[in-house]
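The structure appears right after this line, and notes come after that.
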C-alpha cells in the first residue's frame, strides 16, 4: 500500500478520513484540490505532507498561471509540520527548469522517504533493545506514524513494525488520540493489517499505565523538531513524556532528518495549529457537547528536549537528555 503516489499525471491518495470504514483512493489534479485534501486531513503525517508539497508544485507548474503563488497557498495549508513547507521549497528550486525537473525532484523525495523509514525502523528497534535491555517489549504510541503518515512504512510505527517482524513485540498500546481519533481509526487499522498484537487505550490512561509498568518504551513521531531538540507532535505527546519520565521509561522521537528544523531555535518558536472547535465538540459528525459550548483545539503540543530520551532519524541517534544537540 502506498499512501501517496503519482499515477497517470495526478496525485493518488488514500483518503484517511474514510478509514477504517472504507479504503478509498482519491485522485487530485489541481493545487486547490490538494490544499483542500491537506486541510481536511485526507492526507496527513509530516513526511506524507512533505511529498504532497513537492508533488503539488508539479501540479502548479503544469496547470497554474502563477505556479509560485499556487505553491505558496499549499505551503501555508498547515503551519506546524515543517515537511510540507520543505517539500514545496525543494521542488520550487527547480521551477525554472520546468515540469519534468520538478516532478523528478518530487519523486526522488518520495523514494528517499521509503528508504528513510526502513532505516529508522532498524535503528529504532536496535535502540529500544539497547535502552530497555529486553528481548521482547511493550510499546506505547500516540497518533498515527505508520505508512499512512509517510509513503509505505512509517516512523515510530515503522519501529514497532520492525520489532514485530523480529518477533520482539509483546504488545503495542495505541492511544485513541482525541479529538480526531487517529490512533483508534488509523493506527489500530495499520496494526491489524500487520497482524501485530495491540490494544487501544484512552489518551488520559497513558501516563497512569506507564506508572503501572504496562509499557517498556514510548515511541512518537514529530511534525517539527527545533534546533535544541524540542519536539512538536500530536496533542497529548507532552503528557506522555511527563508520564514516561516519572515512570523511568524511555521516550523516543522517531522522525526523518527533513523534520529537523535548525532555523527554529526552540519549541517556543513553533507555530501551533489551532483547528476548528467543532472537532472537539463533535465526534464523526455527531455533536457531543451542548449547544452554545465552545472549545479550544490545539492540534499539537511541544515536548521539551530534556524529556526526550533520544531522537532517531534515518542517519543518527541524538540524546537531548544527555546534552547532545542536533
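Residue-by-condition table, conditions (1) farther than 23 Å from residue 190 by Cα; (2) crowded, with 23+ Cβ neighbours inside 10 Å; (3) modelled with pLDDT under 95:
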| position | (1), (2), (3) |
| --- | --- |
| 10 | yes, no, no |
| 16 | no, yes, no |
| 25 | no, no, no |
| 50 | no, yes, no |
| 69 | yes, no, no |
| 103 | yes, no, no |
| 113 | no, yes, no |
- Task: Working only within segment 29-47, note down all residues that are within 15 Å of residue 80 (Cβ to Cβ), surrounded by fewer than 24 Cβ atoms within 10 Å (Cβ to Cβ) and either in contact (Cβ under 8 Å) with a residue 60 or more places away in the chain or touching a strand residue (DSSP E or B) at 6+ places or on another chain (Cβ under 9 Å) (or both).
- Result: 41
- Taking the residues in segment 270-326 that are within 23 Å of the chain's Cα centre (by Cα) and in a helix (DSSP H, G or I) as candidates, determine which candidate is farthest from residue 155 (Cα to Cα). 278
- Query: Exactly one of (1) part of a loop (DSSP other than H, G, I, E, B); (2) under 24 Å from residue 323 (Cβ atoms) is unmet by residue 252. Its number?
  - Reply: (1)
- Query: Within segment 76-106, which residues are more than 25 Å from residue 156 (Cβ to Cβ) and in contact with a strand residue (DSSP E or B) (Cβ under 9 Å, 6 or more places away or on another chain)?
  - Reply: 103
- Task: State the number of residues belonging to segment 127-145 that are in contact (Cβ under 8 Å) with a residue 40 or more places away in the chain and more than 15 Å from residue 313 (Cα to Cα).
- Result: 11
- Can you give me the number of residues within segment 123-148 that are over 14 Å from residue 169 (Cα atoms), in a helix (DSSP H, G or I) and in contact with a helix residue (DSSP H, G or I) (Cβ under 8 Å, 6 or more places away or on another chain)? 2
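The values are calculated or read from the model by the stated rules, or taken from the named source; none is laboratory data. Bear in mind the structure is a predicted one, so any value in this text is a computation, not a measurement. Positions of Cβ are backbone-derived with ideal geometry, glycine not excepted, and every protein chain shown enters the neighbour counts.
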